[in-house]
Amino acid sequence: MSLLATARFHTTVAALHQLPRDGLPEVAFVGRSNAGKSSAINLLCRRRRLAFSSRTPGRTQALNFFHVGPADRPVGELVDTPGYGFAAVPHATREAWQALAGRYLGSRVPLVGVVLVADVRRRLTDLDRRLVAFVAPGTPLVAALTKADKLNRQQGREALAAVLAELAALRGPGSPSHALLFSVLDGTGRDELAGVVENWLGGLAAGADADAEKKPRQPDGPGA
Ligand SMILES: Nc1nc2c(ncn2[C@@H]2O[C@H](COP(=O)(O)OP(=O)(O)OP(=O)(O)O)[C@@H](O)[C@H]2O)c(=O)[nH]1
Ligand SMILES: [Mg+2]
């Protein structure tokens, strides 16, 4: 079984002090309200209603954590986050989320990667750019340009190229950034994004080498 197929609900977090303290690597899914974050998590994990997706924007109101890995020994977390940019959310709620998201994305040590989910038809919006600026420079980020089924191939290619260029400019050369087309309707990008997320989480295939220790860092390698 693939690592992501083992995903199950772990916990909901509404304030920073409630964040898990187990140190497991986390991959966060962020993006505008209704962009398709919860749908993307469900497709990656091959589950229908693991993360709740909905036609009602603003449904996800806190950080929802999902464990992956063997049942008795989770090896990582997927984190579904509240969408931003939904006008009907009260101002105070919006401010609270921005404070939570900003501190979470900018300083959370176990955060090993960020999936920015964006509607391919809108590309990146100002709110997405602000979000990208929150992410610590060393944290890798991939933009999943979802609802790719709504565009033809040429339009999709153009959007992808534009977002790749913009991310590179926004984040600078030292910050790993990538983008891909994605669709929950036809499965575009599913395997590529699953590979990226599993790689961030340590590349452990659940079961196979789940008992193996993580390789120690090269003593004289970068970051030693
Ligand atoms: N056509 C199409 N629709 C999609 C795709 N992904 C998501 N949707 C639809 O977009 C709507 C919103 O999806 P969600 O996954 O709930 O979006 P979200 O980003 O989690 O939204 P919030 O939790 O409110 O921030 C739903 O009606 C989904 O069915 C896609 O790839 N293609
Ligand atoms: Mg959601």
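Calculated mean residue ellipticity at 222 nm for the chain: -9000 deg cm²/dmol, from DSSP H runs with n ≥ 4 weighted as -39500 (n - 2.57), summed, divided by the residue count and rounded to 500.
Using Cβ point charges alone (K and R +1, D and E -1), the dipole size of the stretch 4-200 about the Cα centre works out to roughly 460 debye.
Among Asn64, Asn199, Asn152, which one shows the highest mean-square fluctuation when the chain is modelled as a Gaussian network with alpha-carbon springs under 10 Å? Among Asn64, Asn199, Asn152, the largest mean-square fluctuation in the Gaussian network model of the chain belongs to Asn152. A cut-off under 15 angstrom between Cβ atoms defines the neighbours of Leu164, and their net charge, with Lys, Arg +1 and Asp, Glu -1, is 0. What shape does the chain take by its C-alpha gyration tensor, where a ≥ b ≥ c are the square roots of the eigenvalues and a/c under 1.5 counts as rounded, a/b above b/c as prolate, and the rest as oblate? Judged from the Cα gyration tensor, the chain comes out rounded (a/c under 1.5). In a fully extended conformation the segment linking Arg47 and Arg73 would gain 7.3 nm over its present Cα-Cα distance, using 0.36 nm per residue. For the pair Asp186 and Arg129 in one chain, pulling the backbone fully straight at 0.36 nm per residue adds 17.8 nm over the alpha carbon distance. A cut-off under 11 angstrom between Cβ atoms defines the neighbours of Gly31, and their net charge, with Lys, Arg +1 and Asp, Glu -1, is 0.
Report the residue, chosen from Val89, Val30, Val163, that carries the largest GNM mean-square fluctuation when the chain is represented by alpha-carbon nodes joined by springs under 10 Å. In the Gaussian network model the winner is Val89.
Of the candidates Arg108, Arg129, Arg21, which one comes out as most mobile in a Gaussian network treatment of the chain with C-alpha springs shorter than 10 Å? Evaluated over the chain, the most mobile residue of the options is Arg21.
Every read-out reported here was derived from the displayed coordinates using simple, explicitly stated rules and does not represent laboratory data. The structure presented is a predicted model; accordingly, all values stated were derived computationally and were not measured. Cβ coordinates were reconstructed from backbone atoms using ideal geometry, including for glycine residues, and neighbour counts include every protein chain displayed.
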